[in-house]
Amino acid sequence: MLSIIQYVMSKLNADATNGNAPSEREIRRSISQLYSMNDRELGELGLSRGGIEYAVRHGRSQDDLDKAA
């Protein structure tokens, strides 16, 4: 399951670094895939349900940003 998430995130990041922002459809698909995971799997990725959309859209969880501030 982790390899799916790594693929999705690498695809989104590659598009962004190439100047090709991911489409809203790709973003929603990634969010949906993450929501389909259980809490344990999300925890292994360092995510919580509340941080999924933020992490997909911005690359980091809101908690990580709060800790850095």
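The values are calculated or read from the model by the stated rules, or taken from the named source; none is laboratory data. As the structure is a prediction and not an experimental result, all values here were calculated from the model. Note that each Cβ is placed from the backbone with ideal geometry, even for glycine, and that neighbours are counted across all protein chains shown. Just the protein is used for accessible areas: all its heavy atoms, side chains included, with ligands, DNA and RNA removed. Shrake-Rupley method; radii C 1.70, N 1.55, O 1.52, S 1.80 Å.
For segment 17-58, filtered to residues that are in contact (Cβ under 8 Å) with a residue 40 or more places away in the chain and part of a helix (DSSP H, G or I), the residue that is most open to solvent (accessible area, probe 1.4 Å) is Glu44. Only residues that are aliphatic (A, V, I, L, M) and modelled with pLDDT of 90 or more were counted in segment 48-69, giving 1.
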